[in-house]
Amino acid sequence: MRPLMLALGAAPLVGVPALIALGPVLLLAQVQPQGLKHWVTATGLDFATVLFGLAAVLLIGAALGVVFATRAPRRRERQTEEGRMAPENAREVALARWIEEGRQIFNIWQERVERFDELQGRLAAMAQEIGQLSSRIDGLRAENRHLSEEGEALLLERDQLRSILARIGELIQRASEARRGPAGEAAAPEVGP
């Protein structure tokens, strides 16, 4: 049985490259069965694409053949070992398998719990960092509001100083005009509001 399975597994490995190599030759010679030719043209596929798909299917079949061929002796070996054992030993073997599987499951769950604890610790650290960033952002917003208020106060003060300077400029201009006055006499400066 094993040689048959190996032969079935090896046949596509040899046949696929041969089909791929012969594809262009067959295409040029127009040696195609009519049914295949009709199907290929109906699907709109290229003959090389069909050959590639066939090669992929054969390759998958070969891989499955190899897998089944390697698993079959192991299965037979296990069955013969279990068949040779006494019923009491078979129960002990089954119990030992269950215990081993239970240990493996327990170890897997223990690793997951440890990973969960680690992730929970990281999450707590990230939450703390976010809290610190949030408090920093709140502080920066408060400082920004304070600076905005100071800026508005400075703008108001600037506008007041400009209006005072404009008023002083008007008074200086009136005073200089009043000094020149009619006939070059110096007139008394006007007192403004």
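The values are calculated or read from the model by the stated rules, or taken from the named source; none is laboratory data. Owing to the predicted nature of the structure, the values given are computational and were not obtained by experimental measurement. Please note: Cβ atoms are built from the backbone with ideal geometry, for glycine as well, and neighbour counts cover all protein chains shown. Calculation scope for accessible area: heavy atoms of the full protein, side chains included, ligands and nucleic acids excluded. Shrake-Rupley method; radii C 1.70, N 1.55, O 1.52, S 1.80 Å.
Each residue, Arg97 and Arg174, gets one label point 7 Å from its Cα in the Cβ direction; the gap between the two is 11.4 nm.
Solvent-accessible area per residue in the range 105-184 equals 91 Å², computed with a 1.4 angstrom probe and all protein chains kept. The accessible area of Phe68, taken with all protein chains in place and a 1.4 Å probe, comes to roughly 110 Å². What the Cβ-Cβ distance of Arg74 and Asp117 gives, at R0 = 35 Å and to the nearest 0.05, is a FRET efficiency of 0.35.
Counting only protein heavy atoms and using a 1.4 Å probe, the accessible area of Val113 comes to about 80 Å². Projected label points at Asn107 and Arg141, each 7 Å from Cα along the beta carbon direction, are separated by 5.2 nanometres.
Please compute the alpha carbon radius of gyration of the range 85-156, then divide it by the globular-protein estimate 2.2 N^0.38 Å. Two decimals is fine.
Numbers: Rg = 30.7 Å, N = 72, 2.2 N^0.38 = 11.2 Å.
Normalised Rg, Cα atoms only: 2.75.
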